[in-house]
Amino acid sequence: MMEDPFSVNHRGDPDFQKLVAILPVFCDEHGSHELYLINDSGDFPWTVCDGYPWYEWAEVIGPNTDMGKIDLPKNLIQDLHLRSWDEIEKHLLRSPRYDPAAFPGDLELVKDGFQRVWKAQPLT
């Protein structure tokens, strides 16, 4: 297990090389299956990956997804159809995970991610 096995920092790592060798074989043998990389970085991916473009990520929405806990910018825009920062902020503030007193700065990070996604692909 590595913090980020796909980081350029781990490309020479023997564990990374094992993953590189296993993944194509698995995909060839299980062509009818779907493969997902699961983010296990906690509730707030930007707290551990602030050097990565976390705002480009999206959760896979399933039948049991609690839509009240959706907080990645792409999901907020594409799955919840929120089109302004005011709408997103109202959504996030309904969750205790975004108590500004307990988690100072998190709203600003999501706002920054929202603005980056919005700029990359303006939505109507």
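The values are calculated or read from the model by the stated rules, or taken from the named source; none is laboratory data. Predicted model only: the values in this text are computed from it and were never measured. Heads up, the Cβs are rebuilt from the backbone with ideal geometry, glycines too, and the neighbour counts pull from every protein chain shown. Accessible surface areas use protein heavy atoms only, side chains included; no ligands, DNA or RNA. Shrake-Rupley method; radii C 1.70, N 1.55, O 1.52, S 1.80 Å.
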Show me the ranking of peptides 74-87, 94-107 by mean Cβ neighbours inside 10 Å, starting with the highest. 74-87, 94-107
Spatially proximal lysines relative to Lys74 (Cα-Cα < 19 Å; intrachain offsets below 8 disregarded): Lys90, Lys111, Lys119
Computed FRET efficiency, Cβ-Cβ of Leu19 and Ile61, R0 25 Å: what is it to the nearest 0.05? 0.40
Could you report the accessible area of Ile22 in Å², rounded to 10, computed with a 1.4 Å probe on the protein chains as they sit in the structure? 100
If we restrict to alpha carbons, what Rg and Dmax does the range 57-124 come to, in Å? 11.7, 34
Two pseudo-spin positions, 7 Å from Cα along C-beta at Asp28 and at Trp118, lie apart in nanometres by 4.7
Using protein chains only and a probe of 1.4 angstrom, how many square angstrom of Glu29 are accessible, to the nearest 10? 130
